[in-house]
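The values are calculated or read from the model by the stated rules, or taken from the named source; none is laboratory data. As the structure is a prediction and not an experimental result, all values here were calculated from the model. Because the Cβ atoms are built from the backbone with ideal geometry, glycine has one as well, and the counts that use them run over all protein chains shown.
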Amino acid sequence: MVHVIKSYSEDPLRSAALAISLLLHASTALLFHYAYIDSGQQHLILQEFAWHFRILLALSAALSVLLRLFRKNASLLLIFKIGLFFLITYPLGLEVGLFLVLLLTVLTEIFAYLPVKTAVLYCVLCLGTAGTLGKPGSAFNYPRDSAEIQELITVGLTSLLCSFLLLIYRQTRINLSTEKHKTGHLNSVISQLSDANLDFQRYVHSVEYSAVQSERRRISSEIHDTVGYSLTNILMTLEAVSDLIDRDSRRAHEALERSIREAQNCLEETRRSMQELRSKEQNEAVGLQALAHLVRSFSEATGIRVKMEFGNAPNSFGSRIDLVLFRIIQEGLTNAFRHGQADTVRIALWIENSELLVSILDNGRGTSQIVEGIGISGMRERVENIKGTISFKNYPDGFSVKAVLPLTEDDNGQNTGSPRG
């Protein structure tokens with residue numbers, strides 16, 4: 001409800017209500033002057049009412065200003081407004097021009113400042129008050145004629161039409177505000193779910209990396225234990241052989257054969273462990289393979305189309321550059337989704353003059369002012385730690401991140417084959 005009420009305060013009708021009211025009051029004053037003074041229609045009622053009319057009209061305009069300043073008291077002020085409307089129009093009767101202009105003034109302010117249900121009640125009160133003006137009466141001790149049928153029909157239809165149009169406008173604004181609130185809430189929920197999905201992807205990647213490292217340590221420990229145990233046995237056996245070789249050649253020969261078998265078993269076990277370790281390394285996503293996995297997971301989680309161009313980049317730049325590159329692209333994708341609301345992201349890599357050029361361009365809405373929050377500051381810090389540079393720029397059709405990462409011979413010498421996936 002708070003969001004909807006806020007949207008009412010931004011209603012164009014409410015913002016323009018004071019200007020419309022003052023313009024209609026000025027029009028009413030001109031109509032009264034030219035229709036009843038300059039034209040020579042010196043009715044006795046009008047002669048007596050002329051100065052009263054100007055005072056009451058000025059009070060009505062002042063109430064319009066108060067309505068703008070004290071919106072919380074609109075209900076009370078509009079009661080006075082309807083009373084002034086009756087006092088101004090009663091001596092004139094249903095004079096079509098003046099009556100309709102003043103009625104439109106009151107109806108505009110009713111629908112601009114009051115909730116719909118209250119506005120309908122006030123509208124009925126205003127039209128009921130106006131309905132009494134068609135009957136014969138007297139003003140300033142002079143008789144006032146009743147309105148003609150044609151005037152009653154014209155005024156009645158016009159009043160109902162204006163009220164109906166204002167009601168439709170107000171209800172449409174409410175519906176739009178409600179839909180906007182629902183859409184904003186859904187977008188917020190979708191964003192939260194997507195963020196949770198992205199965080200889950202990061203968690204999975206972290207768990208996978210931890211599992212690989214744990215398995216590496218286990219295999220390394222196995223190699224250490226196996227080789228250490230076998231070499232100890234072989235060393236002890238060879239020492240025994242050196243003592244037995246002169247005294248008991250047969251036992252020395254048997255001990256030597258046991259050492260050979262032990263060495264063969266150790267070699268076989270070491271080969272098996274190394275093959276297992278190499279298999280784990282091959283299955284671990286590093287470098288551009290990790291980037292391809294990141295892009296695929298991000299696209300599946302958010303529905304954003306990501307175009308990745310590896311250019312002349314090798315499969316890996318080494319752990320140092322690989323990590324910085326991974327974090328830059330990860331944060332660039334996240335910003336394109338969270339802040340830019342993009343539906344397409346282009347990522348390009350290229351090596352030139354021992355530097356890795358990284359470009360991330362999305363077609364989101366961009367921003368008029370770039371504020372370096374945690375994400376952008378983190379990107380800049382990582383890049384500067386390896387003596388690189390990074391820049392952010394807003395375009396009419398999106399937002400770009402460009403980074404330059406210096407490469408050493410070791411970084412540039414990593415597996416130069418193009419990635420396959």
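Quick notes on this structure:
- Test for Leu77: is it at pLDDT below 85, on the phi < 0 side of the Ramachandran plot and surrounded by 14 or more Cβ atoms within 10 Å (Cβ to Cβ): no
- Segment 229-252 residues that are in the same structural domain as Glu269 (by TED's automatic domain parsing), paired with ones that are outside any helix (DSSP H, G or I) (beta carbon under 9 Å, 6 or more apart): Ala252/Ile245; Ala252/Asp246
- Condition check for Ser159: more than 24 Å from Ala62 (Cβ to Cβ), crowded, with 16+ Cβ neighbours inside 10 Å, modelled with pLDDT under 80 and outside the structural domain of Gly340 (by TED's automatic domain parsing): yes
Here is a yes/no grid of residues against (1) part of a helix (DSSP H, G or I); (2) modelled with pLDDT under 75; (3) not aromatic (Phe, Trp, Tyr):
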residue: Leu231; (1), (2), (3): yes, yes, yes
residue: Leu235; (1), (2), (3): yes, yes, yes
residue: Leu238; (1), (2), (3): yes, no, yes
residue: Asp243; (1), (2), (3): yes, yes, yes
residue: Arg247; (1), (2), (3): no, no, yes
residue: Leu256; (1), (2), (3): yes, no, yes
residue: Glu268; (1), (2), (3): yes, no, yes
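- Taken together, the criteria place Ser368 among residues that are touching a strand residue (DSSP E or B) at 6+ places or on another chain (Cβ under 9 Å), more than 21 Å from Ala301 (Cβ to Cβ), exposed (fewer than 15 other Cβ atoms within 10 Å of the Cβ) and at pLDDT below 85.
- Among residues of segment 371-393 that are surrounded by 18 or more Cβ atoms within 10 Å (Cβ to Cβ), those with a Cβ under 7 angstrom from a residue that is modelled with pLDDT of 85 or more and among the polar types (S, T, N, Q), sequence gap 6+ or separate chain, pair up as Val383/Thr389.
- Any chance Ser279 is surrounded by fewer than 14 Cβ atoms within 10 Å (Cβ to Cβ), of a type in the set (Ser, Thr, Tyr) and at pLDDT 85 or above: no
- Counting the residues of segment 341-360 that are surrounded by fewer than 21 Cβ atoms within 10 Å (Cβ to Cβ), small (Gly, Ala, Ser) and within 29 Å of the chain's Cα centre (by Cα) gives 2.
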